[in-house]
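Below is one structure, written out as structure tokens; the observations come after it.
The values are calculated or read from the model by the stated rules, or taken from the named source; none is laboratory data. The model shown is predicted, which means the values in this text are computed figures rather than measured ones. We work out accessible area using only protein heavy atoms, side chains counted, and drop any ligands, DNA or RNA first. Shrake-Rupley method; radii C 1.70, N 1.55, O 1.52, S 1.80 Å.
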Amino acid sequence: MSNALGPLAAVVVGIGVFLGAFFVIKKRQPEPAPPPPPVAKPDPEPKPPQPAPDPVPPADPEPKNVDPGPKKADPEPPKKPAAAFVLARWKSADAEPKDKNKRETDVIDAAFARAAGTVTLRTREAVQVHNAATGKLLHAMRADTNMAALSSDGASVAVVRPSGTGVDIYSSDGLTRTGSWVAPMSIYHSYTRFKFSPGGTSFVLADSLVEADRNSAGYAFTTLSTSGTGTRWPNRLARPDKALLRFGSVVAVPKYDRAIYSDALAKDDQPKVFAIDARTSTTTPLRSVTITPAEFPDVPSLELSADSTLLLARNGGEAQVVDWRADKPRLTLRAEPWGTSSVWLRHAALTPDGKHLVVVREYPEFFYASGPKAGQKVQAPTSIDLHPIGTDPAAAKPVATVRVTDLGLANRVTALAVSRDGKAVVAAAGPDVRVLDFAAAFGVAPGKSLAPSAAEESLLSP
């Protein structure tokens, strides 16, 4: 039995020794954990591409800064022009009207002699005189300014009495009454839109005669001086072909013993503007005026140049300058189409040297019908343009432009005037007034003013 177990024990011992040695050797071998480090190394390499998204975030702020950019630039344009050519900025009144809808402080007319002098304004409720540089209110007079007029130097104000019973003339220097004229009871005065003569010495009222003898009904003119002296022309203007005549504007031309008026009822194929001789009442049609002068709510449609040689006729979409004595056109402007509407020629003023016309172009408003901006208003900037007056009436292009928004004004102009010395321009939007240096604003040196003094201009008389 023992002899049989001996070999078997030897086999068992051998197997045990083999297995022990196997496990000992296996324990001494390195584990395969190190291979993961090479796998971990590729991880940092995919991460480096992550910087590629980093440039994108910097790009995001740039589009976002597109909005802040213009917002920061918006205040800058008013500041730069203000330093360049805005001489003064002020309001027509210290306090806003109680009823915002009435807009009583809106400036509708302006006149002044010198850039460094005083500016006379017509608002919707009063006539005001301001210091041009500071805007300080020096004098004020309440008046129905729908029937009032300013002389081109701002020195005189004519105000029609209620119901057209007469006219009072005031000096803007203190607004003291310098003269009065009472209308004859036998005459009904239409008092149209009258304008002072270039020298500011007189103006003309157009009369529709309704006398006891109605068969003699016709038309006449009354000349009024700034001293209140009234002179009736000796001859009546008979009704042409017994037709009704309605005066649009009337302007006195004492230098040439004439008056110029527009017939608001003239047909398209008929002359619309006439010059009338003060002594004989003979009328001469001005065929060079090819547009139809139409009245603005607050501005006459006819105006003379400072030397009385050029006539400016205008309506909402057209402006025309003619040499009325030679009956030749010098400049014709027609509003260009803009979208579904047209540009509005809101105001126009001749420079005192007779070489340029200052024009306000107001663009129509449009509203977004849909999209994120639905209901929002969009409007191109209103501009003040300078046009040369030449021999080719249709070839004139603006030589300079000033955007109204660059003046810190609302996108409109309610009044425009050039000083009689030609060195400054007044532009108003509602109650806000800006006095501009003419040469700096337009890059054109003003020529010699041809505006006459009161002594140089003779009174229009029969």
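Here are the numbers for this structure:
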item: Percent carbon-and-sulfur accessible area, the range 389-462, ignoring ligands, DNA and RNA, probe 1.4 Å; result: 53 percent
item: Stretchable slack from T178 to D392, in nm (0.36 nm times residue separation minus alpha-carbon distance); result: 72.7 nm
item: Linear extension gain, D277 paired with A380, 0.36 nm per residue minus alpha-carbon span; result: 32.6 nm
item: Violating pairs (Cα-Cα greater than 31 angstrom) within the set K91/K328; K272/K377; K272/K355; K328/K448; result: K91/K328; K272/K377
item: Cut-off under 5 Å, modelled amide H: who pairs with K328 long-range; result: D323
